[in-house]
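Participant: Below are the structure tokens for one structure; questions will follow.
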Amino acid sequence: MISLNVNGKVYDLDVPPDTLLLWVLRDHIDLKGTKYGCGIGECGTCTVHVDGKAVRSCTTTVSEVQKKKITTIEGLPENHPVKQAWIKEQVPQCGYCQPGVIMQVAAHLSEKPTPDADQVITKMDDTICRCGTYPHIKQGIKTAIQIMKKEGKA
């Protein structure tokens, strides 16, 4: 039996310890916001937070994240500056990769108390959007930082 803390709720799951976190989130806990992208941890579409750090759920087993706090896109507050910025800037095109992109940006912004947009944008180099919304993502990051500064979070 595997016990996972996801979005503040504990789930006891009868899955093998080498089951990938992505499939447990989607198929066992029914949190469909985290998407399957490349399956090898390269594109970032499946990104979630584990103890506040960005982690690729398609290459992470559930045994690696037991006793840790997992946050999915559903667990990121609706008023989070990155979510607000994505809506304000209309960042997504097809939207498929955006939950992972948002989680990646949110993790980077939480790591640095006074974020610099260019540094965050550089850290996003390992995230792939097949629609090519990179200019919108960059603007979203800048807007999220502005929101954080207004709210006294940066």
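Derivation of every value follows stated rules applied to the coordinates shown; laboratory data play no part. Here the structure is a predicted model, which means the values were calculated and not measured. Note: ideal-geometry Cβ built from the backbone for every residue, glycine included; neighbour counts use all protein chains shown.
Participant: Inverting the mean 1/r over all pairs of different Cα atoms, compute the Kirkwood radius of segment 40-83 and quote it in Å.
Facilitator: 11.2 Å
Participant: If I model a spin label at residue 10 and residue 27 as a point 7 Å from the Cα along the Cα→Cβ vector, what separation in nanometres do I get?
Facilitator: It works out to 2.6 nm between the two label points.
Participant: With each pseudo-label sitting 7 Å past Cα toward Cβ, what's the residue 117-residue 19 distance in nm, one decimal?
Facilitator: For the pair residue 117/residue 19, the computed spacing is 4.3 nm.
Participant: Evaluate E = 1/(1 + (r/R0)^6) for residue 59 and residue 125, where r is the Cβ-Cβ distance and R0 equals 25 Å; express this FRET efficiency to the nearest 0.05.
Facilitator: According to the calculation, E is roughly 0.90.
Participant: I've got another one for you. Between segment 16-70 and segment 125-154, what is the separation of their alpha carbon centroids in Å?
Facilitator: 22 Å
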